[in-house]
Every structure is written in C-alpha cells, then in structure tokens.
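Bear in mind these aren't lab numbers, they're just calculated from the coordinates by the rules spelled out. Small disclaimer: the values here were computed from a predicted structure and weren't measured. Here the Cβ positions follow ideal geometry from the backbone for every residue, glycine too, while neighbour counts run over all protein chains shown.
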Amino acid sequence: MAESAPLLRVYRVKSIEGSNPSLSAMLAKVLLALSLSMLLVACESENSQEIEWQLPLSVPDDPHAATAGNELPDWATKIEGKTKVVFLQKPTARLFAVELERGSIQISGDWQVELLGLAHGLRVKGHTFINDENIANPAAYVRLTLSGETLYEGWLYQDFPELFGMDNSDWKVWIEDVTMPPSS
C-alpha cells in the first residue's frame, strides 16, 4: 500500500551554532507573520468590482401571463377539454381543487376560476403562443379571481407548475389532469 502525500509539511529552522534556540523560533514566527501580512495587504489592495451575478436578482415578467398584446389565441378557445385547478393556501396548508370544462366558471369559497382555453403542447416563439401537438406539454389558460380581484390570468402548465403562474405569497396554484380529445 502506497503512502499518501502529506497534506501539511512542517519545516524546522535549523539553529545556528552558538545561537539561542528560542531566538530561532522567534525569528521563524516573525517571518511567518510578515509573509501573512504581505498576503493580506495584497488581497486588500485589489480593486473591488461588482460582478454581474452578484447584483440583486429581479423577478422577470412572466411571458405566459396575459398582458396587452398578449391575449388568448383563438385556437385555444376552440379546444374542448377539462382540467383540475389545485389551490394551496401557504400559511394554513389548506388544499382544495376545482374541476372545470373549457369555457366554464367555478366558484369555491372566495375564489372564482375560469378555464378560458387549452393547449395540447404549448410553446412560445417570439411573442406568439403555438399549440404544438408534437410536444407533450398540456396547458390551460385560466383567470383566477379572489374576492372580486383578478390575481392571475394566463397559462399554467401541467408538467411544469413551478416555472410559470401566479406569484403570490399566500397562494400556490397549479393544474392537474388536463384531458382533451385527440385532435383530428
């Protein structure tokens, strides 16, 4: 079995004939202190610059949320199907779900949920939403209203619920069980 290389080597200062051993040890400590202080001064004199990844993060705009000029495409309103919208109230861990058909509205407590459109495989190209049936990425276009205030209107993905959707400190909302008839 081969010996592994030592991680730390200890050097001993040879004492000079006729010299004081404690003086040699003191000299070694002074040399060590000087080299450490020179290292620290060199590090401190380096200019401090903000690096891009150190800058504060900002939440990007959700490209899947409804905005002016980014409305629901006509093709999404023509696809028949249904989904389950699941709500989690974060502070209380209360969980409930509503099932609805495309074009319908469900009310549950203070929530009003509208399923306005569906997509077999939603993708975005430029600023245009495309229903790509070669992609297994079901999505639902929903409007979520709490106590009369619309908190979110836009696309929710079944397979990627964490990526896009309503950004709210009290609620997490996602979709499950999107079902649509096969396209012709």
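Straight-line reach from Lys29: taking Cα to Cα under 17 Å and skipping same-chain neighbours fewer than 8 places apart, the lysines in range are Lys14. Residues whose amide H comes within less than 5 Å of that of Trp171, counting only those at least five positions distant or on another chain, are Lys90 (H built at 1.01 Å from N in the peptide plane). Between Thr77 and Thr179, the distance separating the two model label sites (each 7 Å from Cα on the Cα→Cβ line) works out to 2.6 nm. For the stretch 118-125, 3J(HN,Hα) computed residue by residue from phi via the Karplus equation (6.51, -1.76, 1.60; θ = phi - 60°) reads 9, 9, 5, x, 7, 9, 10, 10 Hz, glycine and proline entered as x. Based on Cα atoms of the stretch 74-179, Rg over Rh with Rh as the Kirkwood radius reads 0.96. By the beta-carbon count within 10 Å of each Cβ, the least crowded to most crowded order of His127, His120, fewest first, is His127, His120.
Each of Ile130, Ile175 was scored by other Cβ atoms within 10 Å of its Cβ. Arranged with the fewest first, they read Ile130, Ile175.
Here the peptides 84-93, 148-157 are ranked by packing, the mean other Cβ count within 10 Å, and the order with the highest first is 148-157, 84-93.
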